[in-house]
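The values are calculated or read from the model by the stated rules, or taken from the named source; none is laboratory data. Predicted model, so just to flag it, every value in this text is computed and none were measured. Here the Cβ positions follow ideal geometry from the backbone for every residue, glycine too, while neighbour counts run over all protein chains shown.
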There are 2 protein chains.
Amino acid sequence: MAPIEGERLGRTERAVAELKSRLGSRVSTETAALEEHSRDESHHRPALPDAVVACTGIDDIVAALKTCHTHGVPVIPFGAGTGLEGGVIPIQGGITLDLAAMNRILRVGVEDLDVTVEAGVTLSQLNARLGGEGLFFPVDPGSDPTLGGMVSTRASGTNAVRYGTMRENTLGLTVVLANGDVLKTGGRARKSAAGYDLTRLFVGSEGTLAVIATATLRVWGLPEEVAAAVCSLADLHQAVSAVIEMIQRGIPLARIELLDDVMVDAVNRFSQLEYPVCPTLFLEFHGGRHGVAEQVDEVTAIVQAHRGQLEWTTSPADRKRLWQARHHALYAAKALRPGASTWATDVCVPISALATCISQTKADIERSGVLAPIVGHVGDGNFHLTFVVFPDDIAEMAAATGVHDRLVARALAMDGTCTGEHGVGLGKMSFLESEHGRGVDVMRQLKAALDPKGILNPGKVLVQPRGAEES
Amino acid sequence: MAPIEGERLGRTERAVAELKSRLGSRVSTETAALEEHSRDESHHRPALPDAVVACTGIDDIVAALKTCHTHGVPVIPFGAGTGLEGGVIPIQGGITLDLAAMNRILRVGVEDLDVTVEAGVTLSQLNARLGGEGLFFPVDPGSDPTLGGMVSTRASGTNAVRYGTMRENTLGLTVVLANGDVLKTGGRARKSAAGYDLTRLFVGSEGTLAVIATATLRVWGLPEEVAAAVCSLADLHQAVSAVIEMIQRGIPLARIELLDDVMVDAVNRFSQLEYPVCPTLFLEFHGGRHGVAEQVDEVTAIVQAHRGQLEWTTSPADRKRLWQARHHALYAAKALRPGASTWATDVCVPISALATCISQTKADIERSGVLAPIVGHVGDGNFHLTFVVFPDDIAEMAAATGVHDRLVARALAMDGTCTGEHGVGLGKMSFLESEHGRGVDVMRQLKAALDPKGILNPGKVLVQPRGAEES
């Protein structure tokens with residue numbers, strides 16, 4: 001082992017020296033910089049990169065990749081560090097490319113409802129700019145990630161039921177390939193049948209196939225009228241079957257969020273609210289004034305038929321309070337046990353299986369004695385557990401791991417997926433084979449074709465096949 | 001050349017003999033069968049396959065691919081033969097897999113709004129079945145293709161502006177790889193962040209990466225209320241700028257079709273209608289009763305502000321007449337010159353460039369003296385020319401080719417695409433390099449990884465790089 005590690009360090013040292021001579025002070029090996037790039041918001045164990053390059057433009061990415069490709073050194077793209085599955089943790093060391101300074105909004109196409117942004121532009125920065133034009137970008141994961149990070153993880157969030165995920169809202173990309181070549185995919189046409197869908201190949205590839213430099217995204221007009229509603233239901237089955245009916249009736253709801261009783265309690269405490277402690281739907285309606293009123297009427301009838309209560313509002317202040325409370329759910333969960341950490345995970349199942357999947361999961365949580373409130377983007381069949389744990393408590397972590405692994409197995413048995421929106425990163429790698437079978441071999445073939453030296457975010461997404469470990 | 005051709009025939013003969021012994025009478029070398037599979041609805045020159053396998057299930061596809069892989073013989077999937085760019089023409093001979101008998105609807109998920117179908121199910125067959133459940137499949141290319149064919153070409157059509165294309169409406173696939181391995185991609189969850197997007201890689205790959213056996217598709221609830229409208233506008237710029245305003249205002253129109261004056265005249269003659277002969281929009285509105293009324297009011301105001309006339313209707317008979325006239329546009333164009341053939345082509349541009357692109361194209365058509373009415377799914381920036389030509393008239397075909405090539409160049413210069421929905425097939429191969437640059441090399445890498453022997457629909461989509469011709 002020692003000679004291999006020595007050889008690795010030699011390669012890395014040569015790459016860092018070369019990069020310092022090319023990029024000067026933008027390359028840092030200071031401890032503070034390394035530590036800042038050793039973790040994301042997940043429970044996964046941090047690991048230090050060997051150096052951090054603060055990229056100011058695509059030329060820096062190209063330079064870094066050419067150098068790292070020559071020397072066979074890992075490259076890890078880093079945006080805002082808000083990931084939940086350890087996707088940016090440099091578990092094999094290497095050079096982290098910090099893209100936060102690539103934060104220019106390059107073009108806002110008001111007529112075409114599209115924008116082109118550098119990878120480091122944050123969601124809040126983009127929406128601040130778009131608001132002035134009467135536009136918004138709807139994909140809304142709850143935190144404030146970079147758009148590059150959102151493309152990389154195929155991010156999603158509360159609005160996806162109406163507006164789609166990053167898969168549907170990414171029109172084109174500029175990426176840098178492993179060897180430093182620049183590739184433009186897609187374009188500004190709304191649709192194309194011209195060849196293989198390279199854009200979608202890079203969306204969700206978590207930095208393992210290329211580094212994203214810019215993205216052209218679809219944006220949307222701000223709706224004329226917005227209303228929100230809170231629905232309290234007697235049990236989970238009633239809540240989910242009400243949602244199924246809303247979807248089937250084609251009511252174009254913008255947001256359909258479910259909170260279980262434990263999460264409602266946490267949110268009440270954290271955000272000083274007084275919702276009844278029971279399964280609760282947070283809804284949002286977008287449209288013209290009459291259309292929204294019609295949607296609210298239809299939804300009210302459905303909720304009442306499921307013996308629930310609905311309160312609705314068009315007041316911006318009320319809506320802001322509601323969605324802030326929803327977006328603070330992670331902190332609200334954490335505050336239930338002072339000093340604890342959170343471990344957020346997500347799965348997605350066909351909506352017909354959702355009530356059963358959530359009920360069985362809740363029963364498992366109770367049996368296992370862990371604290372794990374549930375929230376979900378239930379219009380998509382997607383839900384989250386947030387384990388509130390003390391990571392040093394070995395028994396508790398084992399219990400949480402058990403609940404987690406059974407959750408994934410349950411979702412896969414229901415023809416669902418091991419992650420609806422957080423990505424594979426480190427935390428879901430072991431489940432990819434069960435989910436995709438032979439597909440994982442095809443993914444490995446694609447990885448080998450595009451990154452033959454395996455330098456792009458190594459050790460993420462795909463487990464190396466046996467016999468292919470670093471030699 | 002002769003020894004190479006002899007070697008090819010020897011390989012093919014061995015493959016056909018082997019398939020006949022495995023699949024019996026499902027393998028045909030009758031002239032009628034070969035001729036039936038030598039063409040699609042395009043202007044491209046037919047070519048005969050060496051044999052046709054009438055596949056009755058995925059096992060037949062597997063058997064055919066194993067045999068053809070062993071012997072290095074081309075395999076061409078064939079659905080309904082409604083393609084417009086020659087995608088199914090066996091230009092290098094080989095074995096055509098006719099999938100029409102794989103026409104079972106395997107599952108209708110009413111709660112989940114999804115279906116699983118075999119590749120040979122036709123669009124009309126699927127919608128006949130879904131209608132009974134209050135559902136429909138919105139992707140609507142105008143002809144009656146198979147769903148497998150629609151997946152292969154990333155098909156689209158009149159409803160895409162509201163409901164998306166095959167890219168957005170395909171949830172998962174079962175495909176057979178070049179070597180006969182079966183691969184399941186995606187699943188039934190509405191969204192997933194679990195690994196590379198293999199589903200989207202096969203959607204639009206035109207039979208060059210795998211053969212599609214089954215598809216799981218998203219379906220939609222039939223809208224409560226449907227209205228349609230015909231808007232007559234003074235010129236193309238007014239028509240397109242009205243559309244831009246509708247899109248920007250977020251009016252959720254289901255269909256936004258543009259016909260130029262020449263096409264309106266053709267449609268009037270063919271379908272016995274009396275629309276004013278000027279640039280015309282056909283619109284469709286889906287929603288609740290009040291929501292649709294609100295949409296119609298908003299659109300009426302926009303059209304009037306652009307000095308146009310709008311007539312609307314909710315009568316099913318009127319709507320049917322309208323959309324039949326639209327779907328018969330190709331035949332209407334053809335009827336303008338008795339005995340002529342049609343050559344339909346499409347491009348897609350950012351909507352801000354659409355009016356300029358169409359105007360310049362119309363001017364070019366007039367200068368060139370060809371007959372080529374225009375229709376378009378303008379909500380997406382997608383439009384079609386239908387050349388009405390006599391293919392034996394060399395001068396006329398040269399003039400049409402000039403208009404065609406300049407149309408594509410114009411679309412690409414506007415950051416558009418050489419095809420929005422017809423696919424590359426044979427007709428757009430020469431433009432792929434201009435559109436995607438370095439991306440074509442990446443496509444070739446993917447093709448080489450998944451089909452190293454190059455047996456899957458060879459000679460389509462990707463021009464072989466120099467030096468890689470059959471040796």
With criteria (1) in contact (Cβ under 8 Å) with a residue 12 or more places away in the chain; (2) more than 16 Å from the chain's Cα centre (by Cα); (3) away from chain A (no Cβ under 14 Å); (4) within 27 Å of B:VAL226 (Cα to Cα), B:ASN127 comes up short on (1)
Hey, any hits in the range B:46-65 for a residue that's under 28 Å from B:CYS418 (Cα atoms), under 20 Å from the mean Cα position of the chain (by Cα) and in the same structural domain as B:THR31 (by TED's automatic domain parsing)?
yes
Please verify whether A:GLY86 is within 14 Å of chain B (Cβ to nearest Cβ) and either hydroxyl-bearing (Ser, Thr, Tyr) or touching a Leu at 6+ places or on another chain (Cβ under 7 Å) (or both), treating the condition exactly as stated.
yes
Return a yes/no flag: does the range B:142-156 have any residue that is touching a helix residue (DSSP H, G or I) at 6+ places or on another chain (Cβ under 9 Å), at the interface with chain A (Cβ under 10 Å from one of its Cβ atoms) and within 18 Å of B:PRO223 (Cα to Cα).
no
Yes or no: A:VAL16 farther than 18 Å from A:GLY207 by Cβ and in contact (Cβ under 8 Å) with a residue 60 or more places away in the chain?
yes
For A:GLY369, work out the one condition from (1) without any contact (Cβ under 8 Å) to a residue 40 or more places away in the chain; (2) touching a Gly at 6+ places or on another chain (Cβ under 8 Å) it doesn't fulfil.
(2)
Please tell me if B:GLU435 is in a helix (DSSP H, G or I), acidic (Asp, Glu), within 8 Å of chain A (Cβ to nearest Cβ) and under 25 Å from A:LEU183 (Cα atoms).
yes
Given the criteria within 14 Å of chain A (Cβ to nearest Cβ) and touching a residue at least 40 places away in the same chain (Cβ under 8 Å), does B:VAL408 qualify?
yes
What residue, of B:ALA266, B:ALA239, B:ALA215, B:ALA228, is more than 25 Å from A:LYS191 (Cβ to Cβ), away from chain A (no Cβ under 14 Å), crowded, with 23+ Cβ neighbours inside 10 Å and at pLDDT 95 or above?
B:ALA266
B:VAL73: touching a helix residue (DSSP H, G or I) at 6+ places or on another chain (Cβ under 6 Å), outside any helix (DSSP H, G or I) and at pLDDT 95 or above, yes or no?
yes
Here's a check for you: in the range A:260-288, which residue that is polar (S, T, N, Q) and in contact (Cβ under 8 Å) with a residue 12 or more places away in the chain is farthest from B:GLN248 (Cα to Cα)?
A:SER271
Criterion: more than 25 Å from the chain's Cα centre (by Cα) and farther than 23 Å from A:THR313 by Cα - qualifying residue of A:GLY204, A:GLY195, A:GLY187, A:GLY250:
A:GLY195
Please indicate, with yes or no, whether at least one residue in the range A:40-54 is surrounded by fewer than 18 Cβ atoms within 10 Å (Cβ to Cβ) and part of a helix (DSSP H, G or I).
no
Please specify each residue of the range A:411-426 satisfying the condition of being buried (at least 24 other Cβ atoms within 10 Å of the Cβ) and of a type outside the set (D, E, K, R).
A:ALA411, A:GLY416, A:THR417, A:CYS418, A:THR419, A:GLY420, A:HIS422, A:GLY423, A:VAL424, A:GLY425
So which of B:THR419, B:THR386, B:THR401 ends up being at the interface with chain A (Cβ under 10 Å from one of its Cβ atoms) and at pLDDT 95 or above?
B:THR419
Can you name every residue in the range B:183-200 that is touching a helix residue (DSSP H, G or I) at 6+ places or on another chain (Cβ under 6 Å) and at the interface with another protein chain (Cβ under 7 Å from one of its Cβ atoms)?
B:LEU183, B:THR185, B:ARG190, B:LYS191, B:ALA194, B:GLY195, B:TYR196, B:ASP197, B:LEU198, B:ARG200
In the range A:352-375, anything within 14 Å of A:VAL243 (Cβ to Cβ) and of a type in the set (Gly, Ala, Ser) is listed as A:SER352, A:ALA353, A:ALA355
Surrounded by 15 or more Cβ atoms within 10 Å (Cβ to Cβ), touching a residue at least 12 places away in the same chain (Cβ under 8 Å), within 14 Å of chain B (Cβ to nearest Cβ) and among the small types (Gly, Ala, Ser): which single residue out of A:ALA340, A:ALA353, A:ALA329, A:ALA325 fits that description?
A:ALA353
Scan of the range A:289-320 for residues that are farther than 14 Å from A:ALA254 by Cα, polar (S, T, N, Q) and within 14 Å of chain B (Cβ to nearest Cβ), ordered by number:
A:THR300
Please work out which residue is nearest to B:LEU330 (Cα to Cα), limiting yourself to the range B:38-91 and to residues that are touching a strand residue (DSSP E or B) at 6+ places or on another chain (Cβ under 6 Å) and among the small types (Gly, Ala, Ser).
B:ALA80
Which one is nearest to B:ARG190 (Cα to Cα), of the residues in the range B:114-162 that are at pLDDT below 95 and β-branched (Val, Ile, Thr)?
B:VAL161
What's the number of the only condition in (1) in contact with an Asp or Glu (Cβ under 7 Å, 6 or more places away or on another chain); (2) more than 7 Å from every other protein chain (Cβ to nearest Cβ); (3) within 29 Å of B:ILE212 (Cα to Cα) that B:LYS447 fails to meet?
(1)
Checking B:THR116 against (1) out of contact with any Ser or Thr (no Cβ under 9 Å at 6 or more places or on another chain); (2) within 14 Å of chain A (Cβ to nearest Cβ); (3) among the hydroxyl-bearing types (Ser, Thr, Tyr), which single condition isn't satisfied?
(1)
Sole residue being more than 7 Å from chain A (Cβ to nearest Cβ), modelled with pLDDT under 95 and either buried (at least 24 other Cβ atoms within 10 Å of the Cβ) or under 30 Å from B:ALA355 (Cβ atoms) (or both), chosen from B:ILE251, B:ILE244:
B:ILE251
For the range B:347-358, indicate whether the set of residues that are in a strand (DSSP E or B), under 30 Å from B:ALA409 (Cβ atoms) and in contact with a strand residue (DSSP E or B) (Cβ under 7 Å, 6 or more places away or on another chain) is non-empty.
yes
Looking at A:LEU283, is it buried (at least 21 other Cβ atoms within 10 Å of the Cβ), at pLDDT 95 or above and within 18 Å of A:ALA160 (Cα to Cα)?
yes
Condition first: among the hydrophobic types (A, V, I, L, M, F, W, C), more than 9 Å from chain A (Cβ to nearest Cβ) and out of contact with any Pro (no Cβ under 8 Å at 6 or more places or on another chain). Now tell me which residues in the range B:167-182 satisfy that.
B:LEU171, B:LEU173, B:VAL175, B:VAL176
